[in-house]
Every structure is written in C-alpha cells, then in structure tokens.
Amino acid sequence: MDHRLKRWHSVAGALLLLTLLIVVVGSAQADPYPQSTLHPKGDFALMVDKLFRTTLFWATLVFVLVEGALVFVIIKFRGKPDDPEPKQVHGNTMVEVIWTAIPALVLAMIAVPTVRTIFRTYETPKGADVLQVEVVGHQWWWEFRYPQLGLTTANELHVPVGRTVALKMVTQDVLHSFWIPQLAAKRDVFPNRSTTLWFKAEEPGDYPGQCAEFCGLQHGRMAFQVIAQAPGDFDGYVGRMQATGGPAAAPATPPVDSAAAKPAAAANALNTATLAATVQAGADTVAGSQLFMMKGCVGCHSLNATKPMGIGPNLAGIGHRLYIAAGWLENTDANLAKWIQHPQTVKHGVLMPDLGITEAEAQSLVAYLRQH
C-alpha cells in the first residue's frame, strides 16, 4: 500500500510540474490575442478585471479546500478488505450549520463587489471635461460623432488619454454589441433605444474593438479601432479633422480649355475625354477628384468631418487610418484599390456596389483619398 501511495505522489508531482511549465512558457510568449480582456488598459476594464480576480480567488480557495478535503478523506479512510460495515449517521447540526455558513460567507464576498461594480459601470459620467461621443451601429461598420467638437468619423475612435469618454449608442438597423476588451466591457446596441458606456484610457495605444452580437453575414468583419492619444496629439487630430471642412477639402476642379468651354447650362459637366487622358497618364489626384464625383462616391460618402452626408461612412481622414472596410483590412494602397474596385468580393453584402472601376481609376482614387 505504501508503494501505491508513493506512486500517487510521483504522478501528482509530475502533473503539478507540467502545469507550472505550461504557465511559464505561455506567459513568456508575446500576446497573440489583442482582444483579450486579461490586459486591461482603462479604468472600466481594470474595475471589471479586479472583480474577475476577486471571484477567481474565492472560487480557487473553495476548490482547493473542497478537493483537498475530498482527497484527504479518500486516502485517510480508504476501505480495507477486513473493514466492518460503516456506521450509519443521520445528520449533525453543527456540521450542517458550518457548511451552510461558509458558502453564505463566500457568496457574500463575491456578491457585494459584484453589485457595487455593476452599479458603478452603469453610472453616467458628468462634467465639462467628459468627452461625449455618439456611436451609431450599421451593417457592418461603426459611426462616431463628437457633438462637442462638431466632428463625425467612422470605424476609428480617437480619444485622449486620462479623460473620461461617455458613449451614447444606437443602431440604424439590427441589434449590435459594442465591445472594447482592453478598455471597457461590451454593451448591446438596440434599434430605437440608446444605451450608454464609459471608459478612460490609461495608456496611449491602438485598441481593437469588435461587434459582439451576430448581426448578419459580415458580423465577424465589423471591427473598429480605438486610438488613445496624449492630449496634445488628440488636439492635433481634432484640428486636422476640423480642417477638412475648409476649402482645401473640396475636390479639385480640372483645368478647362476656354476655347472648348461649354454653354452655361453644362458648365459643370465633367470632360470625360480629358479625364480618360489623365487617368491613362497615371494615378493623378485631379482625376481622382473627378472620379469621386462621376462614379457617385460623393452621393454616399463625405470627405468633410464637420458636415457628414450620405449613407456611407465618413471618409475624412481615410488616408491616415490604420484599417479600412470597418477595421479589419489593413489600409495599404493595394487593399484600398481592391476595396474600391471589388467591395462585394472583399465584403459580400455591403451596400457599396461594384461600380466597374478600372485599375487605373482605382489608383487615381487612392491617390486622391490619401490626401484626406
């Protein structure tokens, strides 16, 4: 019997060593999951993480005590061939009081911080320093409006570090769920009803977010980025976005030969022959500005962050965003051209149609959008 006990101790020791090795190796690797809630970088997320760790502590303590007692009883009172029939017992008041009081105490240690955290997360931040942002969910992209700043953008939420951000969220179509794992919890976004969420980023960085409620075919590609910036950098971003409402943001007008000027009624018509020649010459921003109007892009998208229009995402600042197509496709020239030419291939089911744009036209549009 002693031999069996020694073998049991050897197996248990080997399992414990293997577990510790897995934990050490796993913690030494770079984090491959940027949407993990285990690396909180905001006050909201830190509060939820603290609650999680409190619950985990008590759950682990209960597990160790219960399983430890169980293993001790199994070993200490294991049956032997010559054991008599066990004596039957019919309850013990003291034992019943103990195993009722201890779970009640543990539940209280979990319930009190849980209720406190729930009420705290549903508070509405107030004060002049709170940055108000209106979030609108669409199939399948996110719209961000800054009413205090008079700005609108899409799929990239810029916020200042150390300043509370209060979100008021609605959806234009179906149910969505707004989730920033490292900064805040997830919150469902309903049609015809607003929900709220708040957070304060503690460190500068790029924090990925995701729609966490199935909302259709491209639900998995309804992502976004939260860009937390130092206050000065955030002010610079706001200034650049507000400048998109100036004259420089208007599409450039191609030069017109006075000898070939059209009558007044057609003075604003595009000279398609000149456009074709310009496109053939290479990626040109003048051609891109014409294409932006001629192909109907201007009917759905605005390049002015101070005056949003159309049913599509606001494109102000598109040239400097990290991602396109709702936060999942890296914003390179090749990806942007592919998205412009074949949106239904890249993301089937979106409202943006295939407009029959050629490779040369796509390059011109890319060159034009890079200026914005």
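The values are calculated or read from the model by the stated rules, or taken from the named source; none is laboratory data. Here the structure is a predicted model, which means the values were calculated and not measured. A quick note on method: Cβ atoms are made from the backbone with ideal geometry, for glycine too, and the neighbour counts reach across all protein chains shown.
Kindly evaluate F190 against the criterion of being assigned to a strand (DSSP E or B) and not assigned by TED's automatic domain parsing to the domain that holds Y323. Yes: the conditions hold for F190. With the requirement that a residue be part of a helix (DSSP H, G or I) and either of a type in the set (G, A, S) or touching a His at 6+ places or on another chain (Cβ under 9 Å) (or both), what does region 285-300 give you? Listed by number, the residues that qualify are A287, G288, S289, F292, G299. Among residues of region 330-357 that are touching a residue at least 60 places away in the same chain (Cβ under 8 Å) and in the same structural domain as P313 (by TED's automatic domain parsing), those with a Cβ under 6 angstrom from a residue that is surrounded by fewer than 17 Cβ atoms within 10 Å (Cβ to Cβ) and aliphatic (A, V, I, L, M), sequence gap 6+ or separate chain, pair up as G349/L217.
Within region 331-372, the set of residues being more than 16 Å from V298 (Cα to Cα), touching a Leu at 6+ places or on another chain (Cβ under 7 Å) and assigned to a loop (DSSP other than H, G, I, E, B) comprises N331, H348, G349.
So in region 165-186, with the set limited to residues that are surrounded by 20 or more Cβ atoms within 10 Å (Cβ to Cβ) and in contact with a Ser or Thr (Cβ under 9 Å, 6 or more places away or on another chain), which one is nearest to K126 (Cα to Cα)? So that I can check it myself, show each step before the final result.
Residues of region 165-186 that are surrounded by 20 or more Cβ atoms within 10 Å (Cβ to Cβ), as a first pass: 165, 167, 169, 171, 176-184.
Then drop every residue that is not in contact with a Ser or Thr (Cβ under 9 Å, 6 or more places away or on another chain), which leaves 167, 169, 178, 181-182, 184.
Working: L167: 12, M169: 17, F178: 21, P181: 23, Q182: 23, A184: 18 Å.
Only one residue tops the list, namely L167.
Does K295 count as surrounded by fewer than 18 Cβ atoms within 10 Å (Cβ to Cβ), basic (K, R) and closer than 30 Å to Y207 by Cα? No, not satisfied. Just one of the listed residues (V66, V71) is exposed (fewer than 12 other Cβ atoms within 10 Å of the Cβ) and free of Cβ contacts under 8 Å to residues at least 12 places away in the same chain, and it is V66. Close contacts from region 165-180, counting a first residue that is assigned by TED's automatic domain parsing to the domain that holds S194 and a second that is in a loop (DSSP other than H, G, I, E, B) and charged (D, E, K, R), with Cβ to Cβ under 6 Å and a gap of 6+ residues or different chains, come to L175/E213; H176/E213; S177/E213. Of the residues making up region 191-210, those that are more than 18 Å from T117 (Cβ to Cβ) and either surrounded by 16 or more Cβ atoms within 10 Å (Cβ to Cβ) or touching a residue at least 40 places away in the same chain (Cβ under 8 Å) (or both) number 9.
Given the condition exposed (fewer than 13 other Cβ atoms within 10 Å of the Cβ), of a type in the set (V, I, T) and not assigned by TED's automatic domain parsing to the domain that holds A305, answer yes or no: does some residue in region 132-141 qualify? The answer is no; no qualifying residue exists.
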